[in-house]
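> Quick one: the structure is below, and I'll ask about it shortly.
The values are calculated or read from the model by the stated rules, or taken from the named source; none is laboratory data. Source: prediction; values computed, not measured. Neighbour counts run over all protein chains shown; Cβ positions are idealised from the backbone, glycine included. Protein only, heavy atoms only, side chains kept; ligands, DNA and RNA dropped before computing areas. Shrake-Rupley method; radii C 1.70, N 1.55, O 1.52, S 1.80 Å.
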Amino acid sequence: MRAMTFDRFGGPVTVRDVPDPVAPPGGVVVRVHASGLCLSDWHAWAGHDDDITTLPHVPGHELAGVVAAAGPGVTRWRAGDRVTSPFVCGCGRCAWCRSGQAQVCPEQTQPGFTHAGSFAELVVLHAADTNLVALPDDVDDATAASLGCRFATAYRAVAGRARVRAGEQVVVVGAGGVGLSAVMVAAALGAHVVAVDRHEGALAAARRAGAAETVLAADGLDVPAAVQGLTGGCHVSVDAVGSERTCADAIASLRRRGRHVQVGLLPPVDGHPRVPMSRVIGWELDVLGSHGMSAADYPEMLALVADGTLRPQDLVERVVGLEEGALLLPGLATAPRSGMTVVDPRR
């Protein structure tokens with residue numbers, strides 16, 4: 001099969017032929033129809049997950065496709081089923097998985113990180129009976145792929161972890177895929193949303209997704225002061241970027257007793273990133289981590305997609321083939337983002 005690969009962290013990304021995978025016990029092989037190009041894929045390429053990622057490697061973790069083969073022990077799925085999956089796949093056996101919290105499974109697997117991912121014609125997914133999600137006919141492949149990491153992660157962060165309520169003030173720092181999804185979800189829940197980004201194109205996309213206010217994070221701007229001026233302090237903040245600065249800005253944009261959700265990955269630089277804990281303690285802020293969403297929680301989100309309350313398809317900006325995706329991946333961290341790019345390995 002054809003797959004996007006790299007042989008060293010930070011090195012060239014190429015498309016080449018690799019052996020077809022075989023369905024493992026309890027798992028499936030999915031023929032990939034779409035796979036989202038996400039900043040988390042850049043983190044894998046940069047080596048920020050080198051404790052779980054082995055080389056050479058095939059990235060890609062947001063996917064939609066059709067089951068090509070099911071391994072022994074799979075009872076719920078068969079060849080031809082149209083499916084997606086969370087990027088965090090639980091083992092299906094532990095107490096966390098049995099209680100519907102597979103996103104924190106101690107034995108989790110993640111395509112594109114712990115094993116070869118979905119920037120390929122075929123990908124393996126483990127513990128299929130726990131992790132696969134059937135796709136409705138009216139959800140197209142590109143939209144379905146966008147759900148697997150960024151949209152599902154944002155949905156759980158906003159609706160599940162922060163429990164945003166109608167009338168609350170919410171600031172989302174970063175208007176890439178996760179951020180735009182968080183804006184859309186929070187607005188659909190009735191919140192007044194402020195989006196922050198360094199690029200006007202991303203802010204325009206955030207306004208289309210439902211942001212009531214936007215802040216252009218130009219050099220030298222005091223972002224928390226700008227957000228506080230617009231809102232008087234937010235009930236909820238979301239860092240959808242993942243840097244020491246954006247985390248601190250998001251926390252400092254909160255009102256007393258506010259809730260912060262950290263979604264963007266925080267790669268350590270000179271140790272662990274600093275968080276303004278004096279503000280957290282003095283203002284009694286809640287700091288919440290959010291790590292994807294389990295397959296058990298998908299029906300609620302898919303129902304809102306089906307009835308048009310949520311429109312993740314509006315966030316898909318373009319669809320490219322493997323070769324163009326390989327060119328785009330190394331530059332994701334610095335490229336302006338105003339929507340989601342999806343890779344179709346069949347192109």
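> When Ala162 is evaluated against the numbered criteria (1) closer than 21 Å to Leu266 by Cα; (2) open to solvent by 10 Å² or more (accessible area, probe 1.4 Å); (3) in contact with a strand residue (DSSP E or B) (Cβ under 8 Å, 6 or more places away or on another chain), which criterion, by number, is the only one it fails?
Every listed condition holds for Ala162 apart from (2).
> Here's another thing I want to ask about it. Please go through the range 328-339 and give me each residue that is surrounded by 19 or more Cβ atoms within 10 Å (Cβ to Cβ) and either at pLDDT 95 or above or under 24 Å from Gly47 (Cβ atoms) (or both), ordered by number.
Of everything in the range 328-339, those that are surrounded by 19 or more Cβ atoms within 10 Å (Cβ to Cβ) and either at pLDDT 95 or above or under 24 Å from Gly47 (Cβ atoms) (or both) turn out to be Leu329, Leu332, Arg337.
> Going residue by residue through the range 7-21, is there one that turns out to be touching a Pro at 6+ places or on another chain (Cβ under 7 Å) and farther than 25 Å from Met340 by Cβ?
Taking every residue of the range 7-21 in turn, at least one turns out to be touching a Pro at 6+ places or on another chain (Cβ under 7 Å) and farther than 25 Å from Met340 by Cβ.
> Sticking with this one: Residues that are aliphatic (A, V, I, L, M), in contact (Cβ under 8 Å) with a residue 12 or more places away in the chain and within 18 Å of Gln262 (Cβ to Cβ): find the helices (runs of 4 or more DSSP H) completely inside the range 132-200 holding 3 or more of those.
Result: 177-188.
> Next up: Applying the selection to the range 321-347, what residues are among the hydrophobic types (A, V, I, L, M, F, W, C) and under 25 Å from Pro136 (Cβ atoms)?
Of everything in the range 321-347, those that are among the hydrophobic types (A, V, I, L, M, F, W, C) and under 25 Å from Pro136 (Cβ atoms) turn out to be Met340, Val342, Val343.
> Related question: Examine the range 182-199 for a residue that is surrounded by fewer than 24 Cβ atoms within 10 Å (Cβ to Cβ), closer than 20 Å to Leu288 by Cβ and among the charged types (D, E, K, R), and state whether such a residue exists.
no
> Of all residues in the range 1-12, count the ones that are open to solvent by 20 Å² or more (accessible area, probe 1.4 Å) and assigned to a strand (DSSP E or B).
1
> While we're looking at this one, here's another question. Step by step: first the residues of the range 45-63, then only those that are over 17 Å from the mean Cα position of the chain (by Cα), modelled with pLDDT of 95 or more and hydrophobic (A, V, I, L, M, F, W, C), then the one that is surrounded by the most Cβ atoms within 10 Å (Cβ to Cβ). Which residue is that?
Val58
> Answer with yes or no whether Val74 is assigned to a loop (DSSP other than H, G, I, E, B), in contact with a strand residue (DSSP E or B) (Cβ under 9 Å, 6 or more places away or on another chain) and surrounded by fewer than 22 Cβ atoms within 10 Å (Cβ to Cβ).
yes
> Among (1) among the small types (Gly, Ala, Ser); (2) part of a helix (DSSP H, G or I); (3) under 22 Å from Leu315 (Cβ atoms), there is one condition Ala211 misses while meeting the rest; what is its number?
Checking Ala211 against (1) among the small types (Gly, Ala, Ser); (2) part of a helix (DSSP H, G or I); (3) under 22 Å from Leu315 (Cβ atoms), the one that fails is (2).
> Go through the range 45-67 residue by residue and tally those that are in a strand (DSSP E or B) and touching a helix residue (DSSP H, G or I) at 6+ places or on another chain (Cβ under 6 Å).
3
> Restrict the check to the range 44-61 and report whether at least one residue is in contact (Cβ under 8 Å) with a residue 60 or more places away in the chain, under 14 Å from Asn131 (Cβ atoms) and not polar (S, T, N, Q).
Scanning the range 44-61 turns up at least one residue that is in contact (Cβ under 8 Å) with a residue 60 or more places away in the chain, under 14 Å from Asn131 (Cβ atoms) and not polar (S, T, N, Q).
> Next question. Tell me yes or no: at least one residue of the range 115-130 is farther than 30 Å from Arg16 by Cα and either surrounded by 22 or more Cβ atoms within 10 Å (Cβ to Cβ) or without any contact (Cβ under 8 Å) to a residue 24 or more places away in the chain (or both).
Step one: list which residues in the range 115-130 are farther than 30 Å from Arg16 by Cα, which gives 129-130.
Those still in the list that are either surrounded by 22 or more Cβ atoms within 10 Å (Cβ to Cβ) or without any contact (Cβ under 8 Å) to a residue 24 or more places away in the chain (or both) too: 130.
Checking the range 115-130: at least one residue is farther than 30 Å from Arg16 by Cα and either surrounded by 22 or more Cβ atoms within 10 Å (Cβ to Cβ) or without any contact (Cβ under 8 Å) to a residue 24 or more places away in the chain (or both).
> Follow-up question, since we're still on this one. Test Asp17 against the stated conditions and say whether it is over 21 Å from the mean Cα position of the chain (by Cα), open to solvent by 20 Å² or more (accessible area, probe 1.4 Å) and either among the β-branched types (Val, Ile, Thr) or within 16 Å of Phe119 (Cα to Cα) (or both).
In short, yes.
> What number goes with the only condition from (1) touching a helix residue (DSSP H, G or I) at 6+ places or on another chain (Cβ under 7 Å); (2) modelled with pLDDT of 95 or more; (3) of a type outside the set (Gly, Ala, Ser); (4) within 24 Å of Gly292 (Cα to Cα) that Trp42 does not pass?
(2)
> Small (Gly, Ala, Ser) and either more than 26 Å from His33 (Cβ to Cβ) or touching a Cys at 6+ places or on another chain (Cβ under 9 Å) (or both): is that true of Gly292 in this structure?
Working: small (Gly, Ala, Ser): yes; either more than 26 Å from His33 (Cβ to Cβ) or touching a Cys at 6+ places or on another chain (Cβ under 9 Å) (or both): yes.
Considered against the rule, which asks whether it is small (Gly, Ala, Ser) and either more than 26 Å from His33 (Cβ to Cβ) or touching a Cys at 6+ places or on another chain (Cβ under 9 Å) (or both), Gly292 comes out as yes.
> Within the range 79-101, can you find the residues that are part of a loop (DSSP other than H, G, I, E, B), in contact with a strand residue (DSSP E or B) (Cβ under 6 Å, 6 or more places away or on another chain) and either open to solvent by less than 10 Å² (accessible area, probe 1.4 Å) or polar (S, T, N, Q) (or both)?
Ser85
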